[in-house]
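Heads up, the thing below is written out as structure tokens.
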Amino acid sequence: MNLRLKFTSFVLVLLLIVIFFVSYTIYYTQKKFLTEQIQFNTDTSFKLLLNSCKEALKINKEAQIVEAMVSIYEPAIVYAYFVSENNDVFVSKNNAASVFISRANASSVYKSEKYESLTGENIYEYSSPIMSNDQYIGTFIVGFSQDYIDSRINEGISVIIKKIKRIAIISILLSILGANFVLALFIKPIRLLGKAAKKISEGDMSAKVDVKDSGEIGQLAKAFNGMITKIKETDNFKDEFISSVSHELRTPLSAIDGYCNLLIRAIGKNYSHEQQLKGLNIIKEATARLTKFINSVLDLSKMKTGIIDLKMVPVHIEEVIKETVNLFESLATAQDKHLVYKVQNNLLTVNGNIEKIKKVITNILENAFKFTRVGDTVTVNTMLSPSYGNEYIEVWIADTGIGISKEDVERVFEKFYQVKEGKYKKPKGTGLGLSIAYEIVKLHHGNIWAESEIGKGTVFKFVLPVLKL
Ligand SMILES: Nc1ncnc2c1ncn2[C@@H]1O[C@H](COP(=O)(O)OP(=O)(O)OP(=O)(O)O)[C@@H](O)[C@H]1O
Ligand SMILES: [Mg+2]
């Protein structure tokens, strides 16, 4: 069953339930109202007839009694008569119906009662005593046809039923039209979503849903478009990951394979010690590169999933920085670059893991040397954080290197993200150094970011909370 049919059936069932209850209520109240109205009319007719009868009796003209009673036309009246105290009966209407006269008993109390006549007719009969100078002079009796009264009520009811039927048919038609119109509004964007989802499943990542609605459907479309963007990013990331991983695995593996073959062939031949040592060193370097890469990936995934348990101890950050920076001095000299370290001897301690904090500084310094030119300067500086306040220690590692563009500066912390040199050339490395630094700083409840200008240099800054003793 499609959505249109389901929705229309649902609306119809709802409408039928509402129509049923509303119709029943209208029918019931109208029937009650009509019955009361007709009852009131019958009572009034009897009172009018009774008054006419009394007037005629006052002037003592029996003929007028009959006349007065006949003059009041009421189709519901089956018979009307006056029974005097001497049991004389003056009949008006239905003279011939002697069956009714048989009920002509003088009664001294006011009565109204229903009965079935000998001819099978249902009669509603009123009888009232008439007094003159406190003397009972006779009884006035009128019989109304209950069947006639009922037929009047039924006539009124059938008019109401006809109206209810007409309204129900019009509302059903309108609701079917309305349900279809509303559905058309819903179905259009849902179809667009379905088409876009199909395109994506077929591998077309350019799919987008264009819905101008600002309500739930619009929000769904927005979320869907957001999801497509995320899928695209993940897809790109997957490509980058595969190319990065395969490059990082293939390059050292082929070096190992090549040099192993060479060394195997060299057995028994006259290869010099230097040549063999060179081959073994290359194999060693390639193995170290592979190990570093695999460790980086594992470290990162452990930190990302939170399964790493960092042993935190009070760390004097100045000392850790000093020790790490010292390791880069020989590299700076070898590359003809300057390394400046500004010591602030009064800094406090942080709660952290020494090896991991060293890793953050190492990864940033490695980049600083990788992306600077001969003669450039790398400066390491520590201070109480100007942006986060005295509760944080801030470390700056600034270089005067190639710099990073505005679009890339926030993305360098993403896994495997590397800024291409020129249009296609990837820099050396895996693109994991800064993501590892980012995860470590986050595990220490700190923050890390970069500020950069193309051609002028980059400053990497990170803050760590000061340990309160
Ligand atoms: N100081 C810097 N100057 C200019 N660009 C930088 C600097 N530091 C990082 N980058 C850019 O950020 C990218 C990501 O750095 P990251 O350290 O994560 O990876 P990598 O250095 O390329 O590889 P890895 O560190 O894993 O060996 C670098 O490839 C580079 O494009
Ligand atoms: Mg790096």
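In loop segments of the range 279-381 as defined by DSSP, there are no chymotrypsin sites (Phe, Trp or Tyr not before Pro) with at most 11 further C-beta atoms inside 10 Å of their C-beta. Of the GluC sites (Glu not before Pro) found in the range 189-250, those in coil by DSSP whose Cβ has at most 15 other Cβ atoms within 10 Å are Glu202. Given R0 = 51 Å, the distance between the Cβ atoms of Lys6 and Thr29 translates into a calculated FRET efficiency of 0.90.
In terms of accessible area, using a 1.4 Å probe and ignoring ligands and nucleic acids, Asp299, Asp213 rank largest first as Asp213, Asp299. Modelled spin-label separation between Ser201 and Lys188, with each label point placed 7 Å from Cα along the Cα-to-Cβ direction: 2.5 nm.
For the chain, the membrane-span-like helices by this rule, meaning whole DSSP H stretches whose C-alpha atoms cover at least 20 Å of axis and whose Kyte-Doolittle mean is -1.0 or above, are 3-58, 146-201, 216-266, 273-305, 317-335, 354-370; this says nothing about an actual membrane.
You can think of it this way: the chain between Val374 and Ile176 has 63.4 nm of extra reach, that is 0.36 nm per residue less the Cα-Cα gap.
Our analysis of the range 216-305 gives Rg over Rh at 1.34, with the two radii drawn from alpha carbon positions and Rh computed by the Kirkwood formula. Can you give the FRET efficiency for Lys292 and His316, using 1/(1 + (r/R0)^6), R0 = 45 Å, r = Cβ-Cβ distance, to the nearest 0.05? So, using R0 = 45 Å, E works out to roughly 0.95.
Does the chain come out rounded, prolate or oblate, given a ≥ b ≥ c as the square roots of the eigenvalues of its C-alpha gyration tensor, rounded meaning a/c under 1.5 and, failing that, prolate meaning a/b above b/c? Prolate is the answer for the chain, as a/c is 1.5 or above and a/b outweighs b/c. Distant-in-sequence amide contacts of Tyr392, defined by a placed amide H-H separation under 5 Å and a gap of 5 or more residues or a different chain, comprise Ser385, Val466. In this label model, Ser246 and Ile231 are separated by 2.3 nm, measuring between points 7 Å along each Cα→Cβ vector.
Largest accessible area first, the listed residues His444, His338, His273 line up as His273, His338, His444 when surface is computed with a 1.4 Å probe on the assembled protein chains. Take the Cα of Ser158, step 7 Å toward its Cβ, do the same at Phe40, and the gap between the two points is 2.5 nm. When the Cα gyration tensor is reduced to axis lengths a ≥ b ≥ c, the ratio a/c is 1.5 or higher for the range 176-327, and with a/b not above b/c it is classed as oblate.
Looking at the range 313-465, the pairs of alpha carbons with a distance over 26 Å make up 21% of the total.
Roll a 1.4 angstrom probe over the protein heavy atoms and tell me the percent of accessible area of the range 216-305 that is carbon or sulfur. The computed percentage sits at 61.
So if R0 is 56 Å, what FRET efficiency would His273 and Trp449 give, r being the distance between their Cβ atoms, rounded to the nearest 0.05? Plugging the Cβ-Cβ distance into 1/(1 + (r/R0)^6) gives 0.65.
The values are calculated or read from the model by the stated rules, or taken from the named source; none is laboratory data. All of these numbers come straight from a predicted model, not from anything done at the bench. In this analysis, Cβ positions are derived from the backbone assuming ideal geometry, glycine residues included, and neighbour counts consider all displayed protein chains. Areas reflect the complete protein model, heavy atoms only, side chains present, ligands, DNA and RNA absent. Shrake-Rupley method; radii C 1.70, N 1.55, O 1.52, S 1.80 Å.
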